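These notes concern the structure reproduced below.
The values are calculated or read from the model by the stated rules, or taken from the named source; none is laboratory data. Note that the coordinates shown come from a computational prediction; the quantities given were computed from them, not determined experimentally. Because the Cβ atoms are built from the backbone with ideal geometry, glycine has one as well, and the counts that use them run over all protein chains shown. For the accessible areas, the whole protein counts, side chains as well, though only heavy atoms, and no ligand, DNA or RNA atoms are used. Shrake-Rupley method; radii C 1.70, N 1.55, O 1.52, S 1.80 Å.
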4 protein chains.
Amino acid sequence: MAKKKLNIGIIGGGFMGRTHSNAFRQAPEFFALDYQPVLKTVCTRSAEGAAKFAANWGFESSESDWRKVIERKDIDLIDIATPNDTHETIAVAAAQAGKMVMCEKPLGRNAAEAERMVAAVEAAKVPNMVWYNYRRVPAVTLAKKLIDEGRLGKIFHYRAKFLQDWTISADVPQGGTGTWRLDASVAGSGVTGDLLAHCIDTALWLNGGIETVTGATETFVKQRKHATTGQVADVKIDDASMFLSRFKNGSLGMFEATRYARGHKALYTLEINGEKASIFWDLHDLHRLQWFDHGDEGRLRGWRSIHITDGDHPYMSHWWVPGLQIGYEHTFVHQAADFIEGLSKGQAAAPTFRDALATEYVTDAVLKSAASKQWEVVKG
Amino acid sequence: MAKKKLNIGIIGGGFMGRTHSNAFRQAPEFFALDYQPVLKTVCTRSAEGAAKFAANWGFESSESDWRKVIERKDIDLIDIATPNDTHETIAVAAAQAGKMVMCEKPLGRNAAEAERMVAAVEAAKVPNMVWYNYRRVPAVTLAKKLIDEGRLGKIFHYRAKFLQDWTISADVPQGGTGTWRLDASVAGSGVTGDLLAHCIDTALWLNGGIETVTGATETFVKQRKHATTGQVADVKIDDASMFLSRFKNGSLGMFEATRYARGHKALYTLEINGEKASIFWDLHDLHRLQWFDHGDEGRLRGWRSIHITDGDHPYMSHWWVPGLQIGYEHTFVHQAADFIEGLSKGQAAAPTFRDALATEYVTDAVLKSAASKQWEVVKG
Amino acid sequence: MAKKKLNIGIIGGGFMGRTHSNAFRQAPEFFALDYQPVLKTVCTRSAEGAAKFAANWGFESSESDWRKVIERKDIDLIDIATPNDTHETIAVAAAQAGKMVMCEKPLGRNAAEAERMVAAVEAAKVPNMVWYNYRRVPAVTLAKKLIDEGRLGKIFHYRAKFLQDWTISADVPQGGTGTWRLDASVAGSGVTGDLLAHCIDTALWLNGGIETVTGATETFVKQRKHATTGQVADVKIDDASMFLSRFKNGSLGMFEATRYARGHKALYTLEINGEKASIFWDLHDLHRLQWFDHGDEGRLRGWRSIHITDGDHPYMSHWWVPGLQIGYEHTFVHQAADFIEGLSKGQAAAPTFRDALATEYVTDAVLKSAASKQWEVVKG
Amino acid sequence: MAKKKLNIGIIGGGFMGRTHSNAFRQAPEFFALDYQPVLKTVCTRSAEGAAKFAANWGFESSESDWRKVIERKDIDLIDIATPNDTHETIAVAAAQAGKMVMCEKPLGRNAAEAERMVAAVEAAKVPNMVWYNYRRVPAVTLAKKLIDEGRLGKIFHYRAKFLQDWTISADVPQGGTGTWRLDASVAGSGVTGDLLAHCIDTALWLNGGIETVTGATETFVKQRKHATTGQVADVKIDDASMFLSRFKNGSLGMFEATRYARGHKALYTLEINGEKASIFWDLHDLHRLQWFDHGDEGRLRGWRSIHITDGDHPYMSHWWVPGLQIGYEHTFVHQAADFIEGLSKGQAAAPTFRDALATEYVTDAVLKSAASKQWEVVKG
């Protein structure tokens, strides 16, 4: 019997355009899905670039004006993989046109934008989701299960950091392709929205809401040439951002993100200390979960390095055999599969736009605290 | 301009059928190739299974008689992903029909079979390759470069082992789907041909020829039920196999494979100690290379854990961005891409059938030594 | 030629009494010192306990009143290894009696006490030192050298934490032997003075002064039985303490200490990210230093795990041979040796009382900030 | 009540003289022993050197003729810490004089010497022990307990290697102080007796007897200058040695030692794979034990890194507090303490001379096999 089709239009052909395209291509090979995702069209600003991208990834067509994609009747799902300053406009238009909407993180440049995006998809009652992909690293998904089962007991501490080192050189420009993340007008913020947002999304999912924060940010390189204008201009993003927090469940949080941690490319780490057990995970070895169980026999207690490649680990029965690891891109495949399964079940897969808005409230509070030098209450 | 097509027929729809299918699907998305691989047909013993596999992976058709695949005019490449006892017959027939041939490892059940396979492809002058995929783990490829550049200096020691634990239970049957590797008539040998062969292929590539070996094998569980007959029968494969060796370059080798190493799923490790530097790699963290350079300043010498995810690491510029790891299946994608690039260049990519024959000479010598309890000279 | 003698009276016979006694016994065996330390007397509240301790460790005598030790003419050095609430009184009396003074950390229960202690030893012009022993872990000492040589370049980030898990159970009492650290009247504070103080001392040494902090503390278990009175009473110490900071050199700091991190016994970790290189160290593998050097060839960059056991590593030429690690107690031996070498050179070894006072200013600011919920300026 | 005294004469003032002296000094501080070890005298070839050593370590006297030490009435225990070629003569003479004898490993240069040493101590019925110190690394002792308790079940594999890199340079001389281990006439053999012997002693203790072996040795640098004669001479020791073995319990063994493994200073590693559990340990992190328990819940199975610093770990209640590691020298302290406790109990602590003879039978068989190129049966 022929599967139903899910006709997809992807807006954006950069790094995230690639990961999303791959996700929709791979998902039906490895997961039994009711819908067959169809790569109908991809849209980038350059018609030539769009055509090339489409040819490479097997899209049926290409576009250079995203509004045309939204107007197309043959598109079910608009998937936004563009820089942050365009998320709101595209998402709202897509929702109003009755399309399903998926959006690369962060949802908006700030909570105000994100709120309008939530309002739009909820008014339109369209399925919606944000690509906070790290929830679907099998090790992280397993952590979620363990916490929900009560295996950690009462939680005392949550720690997360996301460390990179790619902007240490003062020669890295701001603005332009590949470096728009350094341009505050495009990105909204620096590492707070780009990296901390990942840490926060996972934290809210694993450990519940954050009540208050006190934070600080720093811009180590004060001026950079702008890639498009060629002018040296003040850098307005945060190069580094850190905050202390109190969760609703009484636990303490420490969060940090930076692009000035020499030696770390994309080291997202998280650790949770509970009364009965603790968990540690890091993105540089994403296929492992560190687990300490106080219930183990005393003399044999130790941190276990669990190689998350077995059939009884989340998602892993869909891949290879025990011992054979998967990588970064698979988290997007899992998310695409879960989105589609959600359609079949009539039950939205998380994180929805509303879920992602909660992260924006935290990042806004962190930036506000960095400016006010006060503890700030997180909205919501 | 339309690409040339490479029309592929895959024989076998098990675990390796999946990895090969994925490889040919993914290669052109990530590598700029002159040929577009086309999944023309897949063949498994069950017509129904073949159809289902074809539908899942996007093959244009399916077959249940491999001879028909070879007869088809629209097939350029026969890719063998069946159990070992069928490799020779299929490969020889394919070569005689003028098809390119790729074959899952080990090439044959023994060197005699492998020699006939080499003879067939060389007589037919058809491109041919064996899926010793671990050569194309980026970390292993980098190791090869470093050795070839002389960065290790004279080599003293080579160590490799491949440890699994999936047959410890006496309840695992021999024969049948998924467990044919325990049936000597199908597999040829046990871990020697299955796991040690990987270690040997890499070793010959990195460290050159092996002259002599002394080995020992063991079958811990002496009898097992046969999955197809239901009869309890003597187990004739080796559960564990180990050997000492002398390489042509004067270095010493230690090799071991087993399916009785509790706690290890697929732990292929290799270490090379040279005069100037040493290398360590393991499959459970395949995205890392351990590197010790004696040329470093004395007080700061130490083993470096290199996260092989940067653009200047082999193959990695084709994937994501620094810090984001790839996994097991990518080694097959690399091999598919290299095979196709070889076609473009008119230069066969290694390992060819002849390269793989050298591994068979070593495994034969190991098994001979295990029986003779003597050092044996490796042929070739 | 007979060595000069350094006659020592140790006050306190608990855990720290043992480490100090061992340090003075071992130092002259492994270091060529001008002074021979002589264990003249040990003093504990119980005469019987003191006698037993003295017999075990080879002290010539024992006392149960510390004032008598100070009065003794045959004592050159008073070494304080008692709970925090007695440090000031003993140290001031010793200094006024013209004795050299060594004191277990933290110097006082707060900066006010510590200031009076500094005033006393400086007025008396007696050699003085505080047992912040982790400066003399060879790996940490090497880190200091590397920083001072400019090998890290400009520093961006400093992170330290000290994680324990021994007070999670509500059954652990406060007060009394072994648990006085939970009694605020004796300890002054909880983990801030006990654990964070170590992190801060090392940080000030490695990375210079801290200007401002914002912190938070938590007491997870609100009431505990008091070991001496038997009464259940409010717990007034901090179970966990964390703060953000800005260093004078422009770098950002994150610090945390807790006794509620399940799975960690004494995990003091520190990481420093500089423009050119980064360093990581942890107490659970104190004989290793992790080093990342951006100056390494690009494709071979990685974190090095340096096994700090070679003759060209700080202190290590005094011990065994390469590859053979030392442990915790050796840091005290190094400190005892350095104190004595300081006497020979007429140059006080750090950290002096004044150096340790700087740490008290930070811990006071952290506790003040935790109460005020404001950023606080660090005195000094 | 005054303790009984154990009057000790140590023969040898090199590296091992230091470790033994320290062991006897430290043991009574940390262990409650019935006997007080007394460092009566130390003997080295140079009277001046002996006097200096005695002064440093607190010996009451010094000697330069070991026969005089044996003649002394005030000596109870002769402890041999000299090069291998003197072990037999000194030990036999000491036993014949009725002294207790402790001897640095290996017992003799070969089994013939060792047999005569065993005969001597057994004829004299004197307490005797060999310093195979690695049995008393707490992690290794714990491994022994776990095996004896049946926690691993049936054993399939035993692997051990001892890797060093200090003789790679052809400029390292043979013979003389510090390099006598390269002179076959003094050392007996190369790494086989020096390093493999450690691996074998532990293996026999943990896994029982070895029946047969096949081995190979290599001398990479064929000629070296002799440190005492100044003449370039053939090197007769083995630089590297490796062997396969079959244990009496049916398990397979792989052993290797070398001084040509660049990057490893003293990397003794061992791994044991059993039906139910596996163990890994290495000397470069001697305070950890890696433990995999198949009895753990499936999805949470993983190798545990046990930080062996708790009170319920062997020997550790005598040292510091949880989380604080000990080092290399402590293994000797434990052995000294156990020897003395054995005296109190009238029960010899292992390994006795007879226990150590079993190791010599294996090393002899390995060297014989390396020459014969045959499997050899291990005597005993």
field: Estimated Rh, region B:110-165: Kirkwood, alpha-carbon pairs, angstrom
entry: 14.7
task: Apply 1/(1 + (r/R0)^6) to the Cβ-Cβ distance of D:Lys345 and D:Lys154, taking R0 = 25 Å, and write down the FRET efficiency to the nearest 0.05.
output: 0.15
message: Under a crude label model (7 Å from the Cα following the beta-carbon direction), how far is D:Phe15 from C:Glu71 in nanometres?
response: 5.3
- line: The answer for chymotrypsin sites (Phe, Trp or Tyr not before Pro) in region D:51-95 that fall in a DSSP coil and have at most 11 neighbouring Cβ atoms within 10 Å is none
field: Per-pair calculated FRET efficiency, R0 = 41 Å: C:Lys276 and C:Ala119 via Cβ, rounded to 0.05
entry: 0.50
- prompt: Where nothing but the Cβ of Lys and Arg (+1) and of Asp and Glu (-1) is charged, how large is the charge dipole of chain D around its Cα centre, in debye to the nearest 20?
  reply: 80
message: Can you list residues from other chains, or at least 5 along the same chain, whose modelled amide H is less than 5 Å from the amide H of D:Gly190?
response: D:Asp238
statement: A correct Karplus calculation of ³J(HN,Hα) over region B:222-235, with 6.51 cos²θ - 1.76 cosθ + 1.60, θ = phi - 60°, whole Hz and x for Gly and Pro, returns 7, 9, 9, 5, 8, 5, 8, 8, x, 7, 7, 9, 4, 8
- line: Relative contact order in percent for region D:135-377 (Cα pairs under 8 Å, 6+ apart) equals 26
Selection from B:Gln36, B:Ser64, B:Ala112, by position along the positive dipole direction of region B:4-133 (Cβ): B:Gln36
statement: If unit charges are put on Cβ atoms (+1 for Lys and Arg, -1 for Asp and Glu) and the dipole of region C:135-377 is taken about its Cα centre, the option from C:Pro138, C:Trp303, C:Ala337 lying farthest towards the positive end turns out to be C:Trp303
- request: Compute the distribution of all C-alpha to C-alpha distances in region B:199-242, in bins of 10 Å from 0, and list the percent of pairs in each, rounded to whole numbers.
  value: 23, 31, 23, 19, 3
- prompt: Accessible area per residue of chain C at 1.4 Å probe, in Å²?
  reply: 33
- request: Note the full-extension length gain between D:Phe31 and D:Ala112 as 0.36 nm times their separation in residues minus their Cα-Cα distance, in nm to one decimal.
  value: 25.5 nm
Accessible surface buried upon B-A contact (total; probe 1.4 Å; Å², nearest 100): 3100
query: Does the protein assembly as shown come out rounded, prolate or oblate by the C-alpha gyration tensor, with a ≥ b ≥ c the root eigenvalues, rounded set by a/c under 1.5 and, if not, prolate when a/b is larger than b/c and oblate if not?
result: oblate
task: Using the Karplus curve 6.51 cos²θ - 1.76 cosθ + 1.60 with θ = phi - 60°, work out ³J(HN,Hα) for each residue of region D:269-285 in order, rounded to whole Hz, and write x for Gly and Pro.
output: 10, 9, 9, 10, 10, x, 4, 9, 7, 9, 10, 9, 9, 9, 5, 6, 9
Amide H partners (placed H, <5 Å) of A:Lys4, local residues excluded: A:Gln36
task: Name the residues of region A:315-339, by number, that are at least 50 Å² less accessible with every protein chain in place than in the isolated chain; the surface is that of heavy atoms, probe 1.4 Å, without ligands or nucleic acids.
output: A:Trp320, A:Leu324, A:Gln325, A:Tyr328, A:Glu329
- line: Distance in nm between D:Thr228 and B:Asp171 label points, each 7 Å along Cα→Cβ, equals 6.6
- line: A 1.4 Å probe over the protein heavy atoms gives the protein assembly as shown a carbon and sulfur accessible-area percentage of 50
- request: Quick one: what are the phi-derived ³J(HN,Hα) couplings along region D:103-108, Karplus 6.51/-1.76/1.60 with θ = phi - 60°, whole Hz, x for glycine and proline?
  value: 9, 5, 7, x, 4, x
Reachable lysines from C:Lys368, criterion Cα separation under 25 angstrom, eight or more residues apart if same chain: A:Lys248, A:Lys368, A:Lys373, C:Lys105, C:Lys161, C:Lys222, C:Lys236, C:Lys248, C:Lys379
task: Quick one: dipole size for region A:4-133, taken about the Cα centre, charges +1 on Lys/Arg Cβ and -1 on Asp/Glu Cβ, in debye to the nearest 20.
output: 160
message: Counting only helical runs of four or more DSSP H residues, what would the 222 nm mean residue ellipticity of the protein assembly as shown come to if each run contributes -39,500 (n - 2.57) and the total is spread over all its residues?
response: -9500 deg cm²/dmol
- prompt: Once the Cβ-Cβ distance between A:Lys145 and C:Ala371 is put in as r, and R0 is 41 Å, what FRET efficiency do you end up with, to the nearest 0.05?
  reply: 0.55
- request: With springs connecting C-alpha atoms under 10 Å apart, model chain C as a Gaussian network and identify which of C:Asp65, C:Asp79, C:Asp364 has the largest mean-square fluctuation.
  value: C:Asp65
message: So if a site counts as exposed when it's one of the GluC sites (Glu not before Pro), its DSSP state isn't H, G, I, E or B, and it has at most 15 other Cβ atoms within 10 Å, what's the longest stretch of chain D without one?
response: D:150-296
message: No solvent, one uniform scatterer per C-alpha: report log10 I(q)/I(0) for region B:4-133 via the Debye equation at q = 0.11, 0.13, 0.17, 0.23 1/Å, two decimals.
response: -0.34, -0.47, -0.82, -1.45
statement: Cα-based Rg then Dmax for chain D, in Å, read 20.7, 66
